[in-house]
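What follows is a single structure, written as structure tokens, with notes after it.
The values are calculated or read from the model by the stated rules, or taken from the named source; none is laboratory data. Quick caveat: nothing in here was measured; it's all calculated off a predicted structure. Neighbour counts run over all protein chains shown; Cβ positions are idealised from the backbone, glycine included.
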Amino acid sequence: MKKVCLLLFCFVFFSSFGVSAAEITISAAASMRKVVDEIGNEFEKESGVKVIKNFTSSGKLAQQIVSGAPVDIYLSASYRWVRFLEKKDFLDRKDIKKLASNTLVLIAPFDTSYHSVSDMRKMGTIAMGDYRFSPCGKYAKESLENLGFWKDVDKKLVLARDVSQVVFWVMTGNVDGGIVYYTDFVPVKGKVSFIGSFPEDSHKPIAYFIAVVKESPNRRNAEKFVKFFLSKGDVLKKYGFSPVVDKW
């Protein structure tokens, strides 16, 4: 009888521990850090599920997933990398949700003398995300090419791993300018100068996507998180993201 009671106690104890120790991992584009942090913290308080966060460029995150990184949710700043994972059978199309859009902008150190996007031609060094992996960098390259600026600034470019690094270099004065999203400028407003926005028709539409990874071992909680995330349009707006209503 004592053995039965002990086994029952162990079952209840470890079952309870399993619930309290529930967790999900989200790999998200660096430009979504503030949003994911805030929404993730809210979700943790309401659900009791711990949210582990991993941030860098969308391309590097996608490659981590292909390499076997234990990820439940993928949040990308580019459909290119969503499609990459879908083709490799890591995402199911029905699970992919479009959640926000953004604007491409040029920023500079606070004491800058530059005042327009065309002033890039005068700048010494310009930072942007590595366009091989960073969606922001890819949008920037596309825009520079379409505006006819690429040949003038190509040799001035310093490629960063993601937008967070670009912002850091601009804030510390290590570069004369940086190409980031508008939402990257919002948290550092007053610490850097806003130079201008790139024309929306100079690059493909900037859109963010979120999806539960197909083989997620924590699928139920991951789906709950995505639903919770999509209901937080107010948080997205707070950090400068624009809503999306069109289908893709």
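The figures follow:
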item	result
Criterion: free of Cβ contacts under 8 Å to residues at least 24 places away in the same chain and of a type in the set (Asp, Glu) - qualifying residue of GLU200, GLU145	GLU145
Filtered residue count, the stretch 145-174, keeping only those that are in contact with a strand residue (DSSP E or B) (Cβ under 9 Å, 6 or more places away or on another chain) and either closer than 17 Å to SER78 by Cβ or assigned to a loop (DSSP other than H, G, I, E, B) (or both)	10
The listed residue being under 22 Å from the mean Cα position of the chain (by Cα), within 28 Å of ASP72 (Cα to Cα) and not in a loop (DSSP other than H, G, I, E, B), out of LYS227, LYS214	LYS227
Matching helices (runs of 4 or more DSSP H) fully within the stretch 26-118 where at least 2 residues are among the basic types (Lys, Arg)	33-47, 79-87
Tally, over the stretch 98-142, of residues that are of a type in the set (D, E, K, R) and surrounded by 17 or more Cβ atoms within 10 Å (Cβ to Cβ)	6
Filter result for the condition that a residue is more than 23 Å from VAL82 (Cβ to Cβ), of a type in the set (A, V, I, L, M, F, W, C) and in contact (Cβ under 8 Å) with a residue 24 or more places away in the chain, over TRP169, TRP150	TRP169
Qualifying positions in the stretch 80-94 - touching a helix residue (DSSP H, G or I) at 6+ places or on another chain (Cβ under 9 Å) and over 21 Å from GLU23 (Cα atoms)	ARG80, TRP81, VAL82, PHE84, LEU85, GLU86, LYS88, ASP92, ARG93
Single match in ARG132, ARG83, ARG161 (criterion: closer than 22 Å to ALA207 by Cβ, outside the structural domain of ASP184 (by TED's automatic domain parsing) and under 22 Å from the mean Cα position of the chain (by Cα))	ARG83
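The rows are residues; the columns are (1) at pLDDT 90 or above; (2) closer than 18 Å to VAL36 by Cα; (3) not aromatic (Phe, Trp, Tyr).
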residue: ALA207; (1), (2), (3): yes, yes, yes
residue: ILE210; (1), (2), (3): yes, yes, yes
residue: LYS214; (1), (2), (3): yes, no, yes
residue: SER242; (1), (2), (3): no, yes, yes
